[in-house]
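Single-structure report; data block below.
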Amino acid sequence: MENYPLIFGIRDPILGAGFVAGVEINGRALMREEDGGFWIDGVNPGAISVGGKSPDEAWLKFREDYRMILFDFAARADSFDDFKKEVERFFWEETPGEVESWLRAVERMKEDPHRGTGWLPRQEQYPEPDVKVLCFSPEQVKPERNAEDTIPVATAA
């Protein structure tokens, strides 16, 4: 079973009880091809594991599950601070061994420059995982803050 180290960026506006939050992450995940489908296991954020018939379908399910988790955190939070703490806890909570598996997959990508070529875009450098949870005042809520996700790519830095 081959693991492919993915990196991605996600930006979401989230509405909570009396607050509008912006959640921005640079994340990591492992994708594997197995049993005729593709699986993505979150590294940062952890605790998400989804599958699909294609890499795109697996990514869309990963993205949807992640967004639903944020919505759930917002629904349960009594304040922005409660929401922020829960998002940060979730992002940094790691499944034991997943970071090491991700780093081993990066090393394998370095060793074989053609691995994943054709169906999985590659990027040589990657940002460190990061999460930012911002609280926006009404004056800060502007269309210019909208941002597209960066598609998941394999990394071999």
Original post:
What longest range of the chain stays clear of loop-exposed trypsin sites (Lys or Arg not before Pro) (DSSP non-H/G/I/E/B, at most 16 other C-beta within 10 angstrom)?
Top reply: 54-114
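Mind putting a number on the dipole of the chain about its Cα centre? Charges go on the C-beta only, +1 for Lys and Arg and -1 for Asp and Glu, and I need it in Debye to the nearest 20. Don't skip to the end; give the middle numbers.
Numbers: 19 positive and 31 negative charges, 49 e Å.
About 240 debye.
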Original post:
Which aspartates and glutamates does LYS61 reach when only Cα atoms under 13 Å apart count, and residues fewer than 8 places away in its own chain are ignored?
Top reply: ASP41
**OP:** Using every pair of alpha-carbon atoms in the chain, split the distances into 5 Å bins beginning at 0 and state the percent of pairs per bin, rounded to integers.
**Re:** 2, 9, 18, 21, 19, 13, 9, 6, 3, 1, 0
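Read-outs: derived from the displayed coordinates by stated rules, not from any lab. Just so it is clear, the model here is predicted, and its values are computed rather than measured. No Cβ is skipped: glycine too gets one built from the backbone with ideal geometry, and neighbour counts run over all protein chains shown.
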